[in-house]
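First up is the structure itself, then whatever we jot down about it.
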Amino acid sequence: MVGNNYMLEDVLFIPNFSVNLVSARKLTKRGCKITLDDDICSVNKEGQEVIRAKADSSDIYVLLPMPKALITTVPKEEDPGLWHRRLGHLHMAGVKALESMAHGVAFQKGQKEDTAVCVPCVEGKQHKHYRRHDPVARMTRRLE
Ligand SMILES: [Zn+2]
């Protein structure tokens, strides 16, 4: 594979060879057009550049990494409560801090997330308070 989107076929593998050589003639036989412009070599197939190389100090073209496809996405604005649950019921200050710390996290604006009640959190914070020294109703009869 050369670049991100062009595969060379019928290649020879030489284990002790330190560089990879690409035959210009093999490329043109496969329909590629090679353009040499100053110190840049560009290989195009069907109008799209598939390989780019730059001449180094020894006048050998060295393959340049091809830019990967640029995909931009706008993070979907979600309910902060959803992130609160995703993060194992993290406190809301931590959830809000995540928006500026991580890519792909965006919250719906104008939501009153602080007033939303998370039932599992409320239940998790409840506990029964035992008071050992409080008077306890005692039995007065058997099996009462
Ligand atoms: Zn919660």
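Which residue pairs have Cβ atoms under 8 Å apart, sit 6 or more places apart or on different chains, and have a first residue in the range 20-42 that is assigned by TED's automatic domain parsing to the domain that holds residue 64 and a second that is loosely packed, with under 13 Cβ neighbours inside 10 Å and among the hydroxyl-bearing types (Ser, Thr, Tyr)?
These pairs meet every condition: 34/28; 41/35; 42/35.
Looking at (1) within 16 Å of the ligand (Cβ to nearest atom); (2) of a type in the set (Asp, Glu); (3) loosely packed, with under 10 Cβ neighbours inside 10 Å, which is the only condition residue 79 fails?
(3)
The values are calculated or read from the model by the stated rules, or taken from the named source; none is laboratory data. Just so it is clear, the model here is predicted, and its values are computed rather than measured. Cβ atoms come from the backbone with ideal geometry, glycine included; neighbour counts cover every protein chain shown.
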